[in-house]
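Step one of this worksheet: look at the structure below.
The values are calculated or read from the model by the stated rules, or taken from the named source; none is laboratory data. Bear in mind the structure is a predicted one, so any value in this text is a computation, not a measurement. A quick note on method: Cβ atoms are made from the backbone with ideal geometry, for glycine too, and the neighbour counts reach across all protein chains shown.
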Amino acid sequence: MKSERILAQNGFAQSEIMLDLYDLKKVYPTPKGDYVVLEHLNLQVKKEEFITIIGHSGCGKTTMLSMIAGLNPISGGGISVLGNSIKGPGPDRGVIFQSPSLMPWMTALDNVMLGVNRVFSHATKKQKEDICKYYLHKVGLEGAFNKRAAELSQGMQQRVGIARAFAIKPKVLLLDEPFGMLDSLTRGELQDVLIEIWNKEKITAVMITHDVDEAIFLADRVVMMTSGPNAKIGDMLTIDFERPRTRKAVIEHDDYYKYRKYLIDFLEH
């Protein structure tokens, strides 16, 4: 039944699907009655797919992401990774938050090591260190292994957050506006860092953004959410650009402004 529903909705075979949100609902009880944030939300994300999610503030994007992460209880429906229903947080899902949430007194290396120690508990100390250093190098922090997080700029802290999320080798990478608090130059640099690592690792990724250009540059599909309450998926747009992409090639592509107009038109209605 479930696989038939998926096939009918998307044309995806069940074996292709990494992340499945089915008939998802989120309700917060209030003194005036239930407030329904999300209802009848269905979304299937394929293996190795990068999707971005846009929608107006208050439409439940972050609520949905926190439910996928296992940090927020599900009121109805379900979420599964590779067919297994999630039950709270787990190393199969890595999260990059808007604020990096690092331990300020710990070094960049030790912050990444926190997750690596948990996920690769049987590895040797050197193997674990090598994993941490590899990803810190990938995000351009090879000279800051031993700097405390409190000594790093906001952009550098977010680089540590990206390294930490990739280092645990999650099946699904969840990104909650990870560049929303950064200046435009740093934001562009970190988008490039993120997509370069993602191109190599090909981890299924779900990213929330308010930035239409960011949504197009990074995604295979852009998912548009209706305004809340009772928010659901309103529309989807397939971004048919070749990978790996460069920002210049994307902006110069014939379809770029067509995609951009489509997303802006959705948001303005």
It is to be established whether one or more residues within the range 178-185 are assigned to a helix (DSSP H, G or I), at pLDDT below 95 and not acidic (Asp, Glu). yes
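Return a yes/no flag: does the range 68-75 have any residue that is in contact (Cβ under 8 Å) with a residue 60 or more places away in the chain, closer than 22 Å to residue 209 by Cα and either more than 14 Å from the chain's Cα centre (by Cα) or crowded, with 18+ Cβ neighbours inside 10 Å (or both).
Yes, the range 68-75 has at least one match.
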Can you tell me which residue is farthest from residue 168 (Cα to Cα) among those in the range 96-130 that are surrounded by 12 or more Cβ atoms within 10 Å (Cβ to Cβ) and of a type in the set (Val, Ile, Thr)? 107
Tally the residues that are surrounded by fewer than 22 Cβ atoms within 10 Å (Cβ to Cβ) and touching a Phe, Trp or Tyr at 6+ places or on another chain (Cβ under 8 Å), restricting the search to the range 172-189. 3
Return the pair list, or none, for Cβ contacts closer than 7 Å from residues in the range 104-130 that are closer than 18 Å to residue 149 by Cα and in contact (Cβ under 8 Å) with a residue 12 or more places away in the chain to residues that are among the aromatic types (Phe, Trp, Tyr) and outside any helix (DSSP H, G or I), at least 6 apart or on different chains. 107/145; 108/145; 109/145
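Is it the case, given these coordinates, that residue 217 is of a type in the set (Phe, Trp, Tyr), out of contact with any His (no Cβ under 7 Å at 6 or more places or on another chain) and more than 22 Å from residue 24 (Cα to Cα)?
Numbers: of a type in the set (Phe, Trp, Tyr): yes; out of contact with any His (no Cβ under 7 Å at 6 or more places or on another chain): yes; more than 22 Å from residue 24 (Cα to Cα): yes.
In short, yes.
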What residue, of 214, 189, is farther than 30 Å from residue 121 by Cβ, touching a residue at least 60 places away in the same chain (Cβ under 8 Å), assigned to a helix (DSSP H, G or I) and of a type in the set (Asp, Glu)? 214
Answer yes or no: is there a residue in the range 109-121 that is more than 22 Å from the chain's Cα centre (by Cα), among the aliphatic types (A, V, I, L, M) and assigned to a helix (DSSP H, G or I). yes
Members of the range 217-261 that are touching a residue at least 12 places away in the same chain (Cβ under 8 Å), surrounded by fewer than 15 Cβ atoms within 10 Å (Cβ to Cβ) and hydrophobic (A, V, I, L, M, F, W, C): 236
For the range 242-265, name all the residues that are within 23 Å of the chain's Cα centre (by Cα) and either modelled with pLDDT of 95 or more or of a type in the set (Lys, Arg) (or both). 243, 245, 247, 256, 259, 260, 262, 263, 264
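When you scan the range 200-212, do you find a residue that is of a type in the set (S, T, N, Q) and under 12 Å from residue 52 (Cβ atoms), even just one?
yes
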Among the listed residues 133, 169, which satisfies the condition of being surrounded by 15 or more Cβ atoms within 10 Å (Cβ to Cβ), among the basic types (Lys, Arg) and in a loop (DSSP other than H, G, I, E, B)? 169
